[in-house]
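Visitor: I'd like to ask some things about the structure below.
The values are calculated or read from the model by the stated rules, or taken from the named source; none is laboratory data. What you see is a predicted model, and the numbers here were worked out from it, not measured in a lab. Ideal geometry is used to build each Cβ from the backbone, glycine not excepted, and the neighbour counts take in all protein chains shown. We work out accessible area using only protein heavy atoms, side chains counted, and drop any ligands, DNA or RNA first. Shrake-Rupley method; radii C 1.70, N 1.55, O 1.52, S 1.80 Å.
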Amino acid sequence: MSTILEVNQVYKYFGGVKANEDISLTVEQGSIVGLIGPNGSGKTTLFNSIVGTHPIDKGNIKFNDIEVSQLPVPTVAKLGLLRTFQQTRIYGKLNCIQNMLISSKSEKDTIFNIFSKIPEDLTTKAENLLQFVGLHQKRKLRAGDLSFGQQKLLELAMALMNEPKMLLLDEPTAGINPTLINGIIDRLIKVNKEFGITLLVIEHNMRVIMSLAQRIFCLAHGQMLAEGTPEQIKNDKRVIDAYLGVQ
Amino acid sequence: MKGNKLIIYGLLLAFGLAAPFIFPAYKLQISFMWILVILALTWDVQGGQMGYNSFGNILFFGIGMYICAGIQIGMFFPLAEWTSSGGEKTFLHTPSQYFQGFFVGLVLASIVPAIVAALIGYGILGLRGHYFAICTLGLGIAAGEIAGGIELIGAGQGMTAPPWPKGIGDTELRSEFFYFLCFILMVVTFIFLKWAYQTRFGLILNAIRDNEDKAEAMGIYTMRYKIIGWIVSAFFLGIAGGLMGNMVGYIEPTEIAFAGATYGVFMVLMAILGGKGTLWGPVIGAVAFHIFKEGFWTFFLGWQYVALGALIVVIVVFFPEGIMGWLREKYPEKFGEIVDEADRKAQVELK
């Protein structure tokens, strides 16, 4: 397996706050990797650094051997590296289908393509994906009228509509009804296996991340604390200390 | 439904074409109304569809006005002499000169503002929310002051547009000529926007309004769409300005060309009154506003600004979403939003 994402000694400071210090991690093509850590440990900051929301202070980030740390956000997304947000971001006044149509990657994105018609078959694709995340019946509702959990599902579907190579998911099960969580785990595994999308998942729900990920990285205080298989992480004393406090 | 729509469009078009002959006394007034519709429609591209409240769109209107009149004169006579000495008395356009100049003037009055929009847009469309609004407010004011300092175009005194050439009909013909140009421009603007909103462009403008960060994170170069949107607005506004300058006949920098306090505010007000972010909203808003305004100007002179203030209060309190927005909330099924209560209440299940 080849490496799809390589984060190499990344530093990110916000004034005096050391949000990320000397973070290195690699993600193999086609795998599911977890990223855990207590609140404020720098997980979302690392996501922002990877997709180019803010410049990093030191280090480099390679996606498919292309240096992405200097590229603007849309360019990184076009390369096939997409993220979802912890607080859902959807287009509230548009209905679910329109949300999906906007998210599809346009074939050629030139000036002459701006006024192109939206292809008919995209709607079918959008409906199928909404079916996949269980939102088919809600497809004509305004996205803003959906509940938080449903918006999270919509956001996942929108990301899939874009056909990324790799997806960074920021807490995909936060705020979701516990009875749906098994369904989401199942969907994410399908996304990985059937759509062939590499996943890097931030998650606080240990049951979810342990059953999803093949490899887990743990951050604490902006530094890489531990990495390993779910079994290793579960039994790592440093990880337990970081989460529960030193006993 | 489809047939009904065609009939409505047909009737409106017929009204527009017949209006100058049915209401000959109001020819100019209705021409101004079409110009106002264009102002509201083009403002709505930014303010309604894209969520960028621009107070500077009047800039393109004024530039179009000056460019058109300047070209019309400069093509045949020395512009400086015209503006300094009341040149419309010494230099006379022959009919062919007049129409040649007018045509070239209108073409450039569309292109130049579009270029200006692209250049300025590249600089300031990165600002968001209030910052963008304040910055554009400055644009309109600055343009008026700058134009008031350029001697070549008459400085603070303003300049006259070429008068209607002698020997090809009276003022009635002139009014009809400008009436139909205004009407055609309005129809073309409407059709273009109706079409554009159905393409990817329209969807992405809405996406920018609802969540620009998300749109960028999904790989959309939002800047490109914002600039194109502004260019579209500037293009039509420029032509409207060119027509307006010729209709009024006299171009004054801060009162007519870059009239931020009147037309600059009206265009926002009309779009909001009718319902921003809808296609028909600005049209309805502009027509209602124009009739309301002219009614007060005519019958209750002296009270017009009180009435305008009251109108703003009524809009904000009772129709925050405008007339179309209000109708949309009330009769969603007429707007193609068929929402089943069952859909809304349905539980999401993943098996």
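Visitor: How much of the accessible area of chain B, in percent, comes from carbon and sulfur atoms when a 1.4 Å probe is used?
Guide: About 70 percent, which is the carbon plus sulfur part of the accessible surface.
Visitor: On to the next question. Once you wrap a convex hull around the alpha carbon atoms of segment B:1-157, what is its projected area averaged over all directions, in nm²?
Guide: With every direction weighted equally, the projected area is 12.9 nm².
Visitor: Return the FRET efficiency for the residue pair residue A:58, residue A:110: r is the Cβ-Cβ distance, R0 is 41 Å, and the value is rounded to the nearest 0.05.
Guide: 0.70
Visitor: Please compute the Kirkwood hydrodynamic radius over the protein assembly as shown, one decimal place, Å, based on all pairs of different Cα atoms.
Guide: 27.2 Å is the Kirkwood radius here.
Visitor: Have a look at segment B:262-351 and give its Rg and Dmax from the Cα atoms, expressed in angstrom.
Guide: Computed over the Cα atoms of segment B:262-351, radius of gyration and Dmax are 18.1, 70 Å.
Visitor: If you don't mind, another one. May I ask for the net charge around residue A:28, where only other residues with Cβ less than 12 Å from the Cβ of residue A:28 are counted and Lys, Arg are +1 while Asp, Glu are -1?
Guide: Neighbourhood net charge equals 0.
Visitor: Now for a different question. Can you tell which of B:57, B:84, B:67 lies farthest toward the positive end of the dipole of chain B, using +1 and -1 charges on the Cβ of basic and acidic side chains (Lys, Arg; Asp, Glu)?
Guide: B:57
Visitor: Give me the accessible area buried between chains B and A, both sides summed, with a 1.4 Å probe, in Å² rounded to the nearest 100.
Guide: The B and A chains share an interface burying roughly 4000 Å².
Visitor: Note the angle between two axes, namely the Cα long axis of helix B:304-318 and the longest principal axis of the Cα atoms of chain B, as a number of degrees from 0 to 90, rounded to the nearest 10.
Guide: The helix B:304-318 is inclined about 20 degrees to chain B.
Visitor: Only Lys, Arg, Asp and Glu count, each charged at its Cβ (+1, +1, -1, -1), so figure out the dipole size of segment B:32-264 about its Cα centre, rounded to 20 debye.
Guide: Magnitude of the dipole: close to 560 debye.
Visitor: Which three lengths, in whole Å and largest first, does chain B cover when its Cα atoms are put on their principal axes?
Guide: Computed over the Cα atoms, the extents are 85, 46, 39 Å.
Visitor: Charges only on Cβ, +1 for Lys and Arg, -1 for Asp and Glu: so what's the dipole of the protein assembly as shown about the Cα centre, in debye to the nearest 20?
Guide: 920 debye
Visitor: In Å², what does the accessible area per residue of chain B work out to with a 1.4 Å probe?
Guide: I get 45 Å² per residue for this part.
Visitor: Which positions within segment A:57-87 get 50 Å² or more of their accessible surface covered by the other protein chains, compared to the chain by itself, with a 1.4 angstrom probe?
Guide: Residues passing the criterion (a loss of at least 50 Å², heavy atoms only) are A:74.
Visitor: Still on this structure: Once Lys and Arg get +1 and Asp and Glu get -1 on their Cβ, which of A:197, A:55, B:325 lies farthest toward the positive end of the dipole of the protein assembly as shown?
Guide: Farthest towards the positive end: A:197.
Visitor: Continuing with the same structure: Per residue, what accessible area does segment A:109-247 have, given a 1.4 Å probe and all protein chains present, in Å²?
Guide: The answer is 45 Å² per residue.
Visitor: Give me the percent of accessible area attributable to carbon and sulfur for segment A:14-130, probe 1.4 angstrom.
Guide: It is 53 percent, rounded to a whole number.
Visitor: Could you give the alpha-carbon Rg of chain A over 2.2 N^0.38 Å, rounded to two decimals?
Guide: Normalised Cα radius of gyration, chain A: 1.02.
Visitor: How much of the pair distance distribution for segment B:111-239 lies past 25 Å, counting alpha-carbon pairs only, in percent?
Guide: 46 percent
Visitor: Could you order B:248, B:232, B:317 so the one with the most accessible surface comes first? Probe is 1.4 Å.
Guide: Correct descending sequence by accessible area is B:317, B:248, B:232.
Visitor: For segment B:269-321, report the convex hull volume of the alpha-carbon atoms normalised per residue, in Å³, without decimals.
Guide: Given the Cα convex hull of segment B:269-321, per-residue volume reads 52 Å³.
Visitor: Which one, B:204, B:37, B:6, projects farthest toward the positive side of the charge dipole computed for chain B from Cβ point charges (K/R +1, D/E -1)?
Guide: Of B:204, B:37, B:6, it is B:6.
Visitor: Also, quick follow-up: Let me spell out the model: positive unit charges on the Cβ of Lys and Arg, negative unit charges on the Cβ of Asp and Glu, origin at the Cα centre of chain A. What dipole size does that give, in debye rounded to 20?
Guide: Computed charge dipole of chain A: roughly 580 debye.
Visitor: Take the solvent-accessible surface of the protein heavy atoms, probe 1.4 Å, and return the percent of it on segment A:153-247 that carbon and sulfur atoms account for.
Guide: In segment A:153-247, the share of accessible area belonging to carbon and sulfur is 54 percent.
Visitor: What FRET efficiency comes out for the pair residue B:213/residue A:125, r = Cβ-Cβ distance, R0 = 25 Å, nearest 0.05?
Guide: Rounded to the nearest 0.05, the efficiency is 0.55.
Visitor: For segment B:66-149, list log₁₀ I(q)/I(0) at each q in 0.14, 0.16, 0.23, 0.26 Å⁻¹, using the Debye formula over Cα point scatterers of equal strength and ignoring solvent, two decimals each.
Guide: Log-scaled intensity ratios, in q order: -0.64, -0.76, -1.09, -1.22.
Visitor: Another question about this same structure. Evaluate the relative contact order of segment B:32-264 (contact order divided by residue number), counting alpha-carbon pairs under 8 angstrom at least 6 apart; express in whole percent.
Guide: Normalised by residue count, the contact order of segment B:32-264 is 44 percent.
Visitor: Something else now. Cα-Cα pairs above 14 Å in segment A:91-151: how many percent?
Guide: 57 percent
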